[in-house]
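The values are calculated or read from the model by the stated rules, or taken from the named source; none is laboratory data. Values in this document were obtained by computation on a predicted structure and should not be read as measured data. As a convention, Cβ positions derive from the backbone with ideal geometry for all residues, glycine included, and neighbour counts pool all protein chains shown. Heads up: the accessible areas ignore ligands, DNA and RNA and are worked out on the full protein's heavy atoms, side chains in. Shrake-Rupley method; radii C 1.70, N 1.55, O 1.52, S 1.80 Å.
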Amino acid sequence: MVIGWDNVDDLEDYFITYLLYRDSLTVPQIARIRNISQDEVNAQLITAKMEIRQSNKKSKKANENDIIMDYLALTKEERLEFLDNLSDKDKNAFKRQVYKGILKLNNIDDLMVLVWTAGEFRDDRFLNILYPLTEKGHSNLRRIAYSAIGKIGSENSAPVVEIGLMDENPQIRQYCAKFLGDIGNRDSIRVLENVIRNKADFEKEYVIRACILSLDKLYSKYKIKK
């Protein structure tokens, strides 16, 4: 199946929506351009992705891009099943495709799926491309990136996660506070203590609670008495 602007006259209407989405337009932008509701945009995207998926299933010679696009069309449960059923050889090959996809994809929704996937791999070779994503303007992308970093669980990530305690999004701050209990070091103790000492009066209660729980873990790890 060839889907592109060159043959747009031969495509179903929902593929026009899909092409706009692939060109990095957001759902609200597409809705305005196409003069349809956001719900209809999402429905058309699902239809387009499902048709692409079915087409790829019929082709035994799907290329790398087809495999990634097929994967992006899956539900979360289907993605987990797909990853679980990969052989070691196929998993390494797919990791390379995910790595390349994170570097190349511009569409935020698809990018977040691949960043989530990197976290599921628990492979620290993804960290060097995940760290920069924590500085992006899109809060959901930052959240997914921090979540993936936390899942990978490298102690080398502690300084990056500590910076996340200052993120404007409280859920991200909670994530980072929680992850520091597992990957934090002695410096992280001081950082967490400062949050509790200086921000307790205005910080979200669940963020402070996550800091306290992580401090308990780190005190135990380093045999520090409260």
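Ordering ILE224, ASN7, LEU45 by Cα displacement along the dipole of the chain toward the positive end leaves ILE224 in first place; charges were set at the Cβ atoms of Lys, Arg (+1) and Asp, Glu (-1). Counting only aspartates and glutamates at least 8 places from LYS226 when in the same chain, those with an alpha carbon closer than 12 Å to its own are GLU193, ASP216.
I'd like the carbon and sulfur percentage of the solvent accessible area for the range 115-157, probe radius 1.4 Å, heavy atoms only, ligands and nucleic acids excluded. Taking all protein chains in place, the range 115-157 shows 38 percent carbon and sulfur surface.
Give, as a single signed number, the net charge of other residues whose beta carbon lies under 10 Å from the beta carbon of GLY150, with Lys and Arg counted +1 and Asp and Glu -1.
Numbers: positive: LYS151, LYS178; negative: ASP182.
Every neighbour counted, the sum reads +1.
A Cβ-based charge dipole, computed about the Cα centre of the range 97-226 with Lys and Arg at +1 and Asp and Glu at -1, lands at about 400 debye.
With every protein chain present, what is the per residue accessible area of the range 80-226 (1.4 Å probe, Å²)? Intermediate values should be presented prior to the final figure.
On the way: 8050 Å² over 147 residues.
Heavy-atom SASA per residue in the range 80-226 reads 55 Å².
When the helices of the chain are scored as -39500 (n - 2.57) per DSSP H run of n ≥ 4 and the total is divided over every residue, the value at 222 nm lands at -21500 deg cm²/dmol. With only Cα atoms counted, the chain has Rg and Dmax values of 20.8, 71 Å.
Using a/c under 1.5 as the rounded threshold, could you call the range 22-138 rounded, prolate or oblate? The axes a ≥ b ≥ c are square roots of the C-alpha gyration tensor eigenvalues, and prolate needs a/b larger than b/c, oblate otherwise. Note, shape of the range 22-138 comes out oblate.
Compactness of the range 132-226 is given as radius of gyration and Dmax, 12.4, 40 Å, from Cα positions.
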